[in-house]
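Trainee: Sharing a structure below in structure tokens format, with a few things to ask.
The values are calculated or read from the model by the stated rules, or taken from the named source; none is laboratory data. Model, not experiment: these values are computed from the prediction. Note: ideal-geometry Cβ built from the backbone for every residue, glycine included; neighbour counts use all protein chains shown. Just so you know, the surface numbers come from the protein's heavy atoms only, side chains and all, with ligands and any DNA or RNA stripped out. Shrake-Rupley method; radii C 1.70, N 1.55, O 1.52, S 1.80 Å.
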There are 2 protein chains.
Amino acid sequence: MITILATAELEKSLSELPGWTPVRSGKAIEKTFEFGDFSEAFGFMTRTALAAEKADHHPEWSNVYNRVTVTLSTHEAGGVTARDLDLAAVVERFASA
Amino acid sequence: MITILATAELEKSLSELPGWTPVRSGKAIEKTFEFGDFSEAFGFMTRTALAAEKADHHPEWSNVYNRVTVTLSTHEAGGVTARDLDLAAVVERFASA
């Protein structure tokens with residue numbers, strides 16, 4: 001069973017993930033990315049989808065044209081875990097590629 | 001300039017699109033689709049993305065694992081137009097494939 005991060009741990013981790021903020025009373029983290037157009041936004045989503053499926057850990061996300069909001073939480077743990085931070089790091093990489 | 005559908009027209013069209021409901025005071029239509037898993041859901045999103053890009057008319061949508069909520073509106077017209085109904089019909093086809 002994966003355990004949720006303690007508050008101090010989460011704060012420290014988020015300081016290394018610029019733009020990610022706690023939401024839902026700290027039970028999830030979220031960031032909105034802006035791309036040049038829909039094609040770029042959906043390209044990012046596609047890469048993230050492949051990584052998420054491989055890791056068997058999926059984002060909650062929404063897309064409006066060139067914007068994608070990604071929300072990460074580990075439902076079975078009831079909060080933010082190392083799996084979310086790992087996926088956030090991957091998402092960052094794809095967003096800046 | 002594409003014009004928004006009159007209320008009667010919209011109601012008639014929605015009667016032919018089961019599950020689609022007006023939202024945002026009738027300025028958009030929305031439906032949530034449920035798939036077997038994330039892979040199926042994202043496959044549906046990918047097909048829809050390609051069709052949307054081709055038509056240069058894009059959905060607002062969100063995805064949580066096997067669920068996808070699709071919201072359609074024509075921003076430049078300020079409401080629901082024939083372009084939204086066309087995309088809704090395409091979305092229906094992909095969702096049932």
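Trainee: Given only helices, namely DSSP H runs of n ≥ 4 each adding -39500 (n - 2.57), what is the per-residue ellipticity at 222 nm of chain A, to the nearest 500 deg cm²/dmol?
Mentor: The per-residue figure over chain A is -13500 deg cm²/dmol.
Trainee: Note the buried accessible area between A and B here, summed over both chains, with a 1.4 Å probe, in Å² to the nearest 100.
Mentor: The buried area between A and B, both sides summed, comes to about 1300 Å².
Trainee: Scan region A:10-97 for trypsin sites (Lys or Arg not before Pro) in coil per DSSP, keeping those whose Cβ has at most 12 other Cβ atoms within 10 Å, and list them by number.
Mentor: A:Arg24
Trainee: Residues of the protein assembly as shown: accessible area per residue at 1.4 Å, in Å²?
Mentor: Dividing the accessible area of the protein assembly as shown by its residue count gives 52 Å².
Trainee: To make sure I understand the rule: partners must be lysines, Cα under 21 Å from the Cα of A:Lys12, and not fewer than 8 residues away in the same chain. Which ones qualify?
Mentor: By straight Cα distance, A:Lys12 reaches A:Lys27, A:Lys31.
Trainee: Okay, next question. Of all the Cα-Cα pairs you can form in chain B, what percent are over 15 Å apart?
Mentor: 57 percent
Trainee: Right, something else. Place a +1 charge on the Cβ of each Lys and Arg in chain A and a -1 charge on the Cβ of each Asp and Glu, then give the dipole magnitude about the Cα centre in debye, rounded to the nearest 20.
Mentor: 40 debye
Trainee: Also, quick follow-up: I'd like the carbon and sulfur percentage of the solvent accessible area for the protein assembly as shown, probe radius 1.4 Å, heavy atoms only, ligands and nucleic acids excluded.
Mentor: Result for the protein assembly as shown: 52 percent of the exposed heavy-atom area is carbon or sulfur.
Trainee: Still on this structure, please answer the following. For the protein assembly as shown, would you read off the P(r) tail past 30 Å as a percentage of all alpha carbon pairs?
Mentor: Of all Cα-Cα distances in the protein assembly as shown, 27 percent exceed 30 Å.
Trainee: Give me the angle, in degrees from 0 to 90, between the Cα long axis of helix B:38-55 and the longest principal axis of the Cα atoms of chain B, rounded to the nearest 10.
Mentor: Once rounded, the angle reads 40 degrees.
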